[in-house]
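The values are calculated or read from the model by the stated rules, or taken from the named source; none is laboratory data. Note that the coordinates shown come from a computational prediction; the quantities given were computed from them, not determined experimentally. Neighbour counts are summed over all protein chains in view; Cβ atoms, including those assigned to glycine, are modelled from backbone coordinates with ideal geometry.
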Amino acid sequence: MKPTCLALHRDERGAALVEMALTLPLMLLVSAGIFEFGRAYQTWQVLTNAAREGARIAVLPGTTDANITNRVRTYISDGQLSGAATTPVMIDHTATIPVGIGTSSATRVTVNYPFTFVVLQPMAQLINPQSETGAPLTMTVSALMRNE
């Protein structure tokens, strides 16, 4: 016996709702991931540029460590990252860089910044299980420039 058109239509009711219920959480997770990793990449870029700016200032004659730290923190603040005033900046004036067949003195500026994901922080803890739950991940960026 062949089912009627009405019976086929009734069997498919709610199928779209079930499909949406199954795919919506996955779509939201992917969307949140795109936003979160975009934010992390933007933060990484600001930190990289801040370290580079600090290293650029550090190789100029007569520049103090306070000048370098202030420039790095100002760049981080201008990049709209929170906590710029307390961001640790490490300066190493004794680094070396290869130049031709020899080496030259250089300055390395390293910036450590605590980054916290807004939505995906519990998943980020899977990458670094030694850290405490809810603790931020530390982004470490350094720049090296030859002293003049």
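Summary of computed values
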{"quantity": "Pick from the range 77-117, criterion in contact with a helix residue (DSSP H, G or I) (Cβ under 8 Å, 6 or more places away or on another chain) and β-branched (Val, Ile, Thr), ranking: farthest from GLU53 (Cα to Cα)", "calculated": "THR87"}
{"quantity": "Among (1) exposed (fewer than 14 other Cβ atoms within 10 Å of the Cβ); (2) in a helix (DSSP H, G or I) - the single one GLY33 does not satisfy", "calculated": "(1)"}
{"quantity": "Of residues in the range 75-116 being part of a strand (DSSP E or B) and of a type in the set (D, E, K, R), the one surrounded by the fewest Cβ atoms within 10 Å (Cβ to Cβ)", "calculated": "ASP92"}
{"quantity": "Hits in the range 94-106 - residues which are in contact (Cβ under 8 Å) with a residue 12 or more places away in the chain and either closer than 28 Å to PRO136 by Cα or not hydroxyl-bearing (Ser, Thr, Tyr) (or both)", "calculated": "ALA95, ILE97, VAL99, ALA106"}
{"quantity": "Residue within the range 50-62 that is at pLDDT 90 or above and touching a Gly at 6+ places or on another chain (Cβ under 6 Å) present", "calculated": "no"}
{"quantity": "Yes/no for ILE57 being under 15 Å from VAL89 (Cβ atoms), in contact with a strand residue (DSSP E or B) (Cβ under 6 Å, 6 or more places away or on another chain) and assigned to a helix (DSSP H, G or I)", "calculated": "no"}
{"quantity": "Single residue of the range 60-80 satisfying the filter (touching a strand residue (DSSP E or B) at 6+ places or on another chain (Cβ under 9 Å) and among the hydrophobic types (A, V, I, L, M, F, W, C)) that is nearest to ASP92 (Cα to Cα)", "calculated": "ILE68"}
{"quantity": "Single condition SER105 does not satisfy, out of (1) in contact with a His (Cβ under 9 Å, 6 or more places away or on another chain); (2) among the hydroxyl-bearing types (Ser, Thr, Tyr); (3) modelled with pLDDT of 95 or more", "calculated": "(3)"}
{"quantity": "The range 59-76 - residue that is in contact with a helix residue (DSSP H, G or I) (Cβ under 6 Å, 6 or more places away or on another chain) and among the hydrophobic types (A, V, I, L, M, F, W, C) and, of those, farthest from LEU47 (Cα to Cα)", "calculated": "ILE68"}
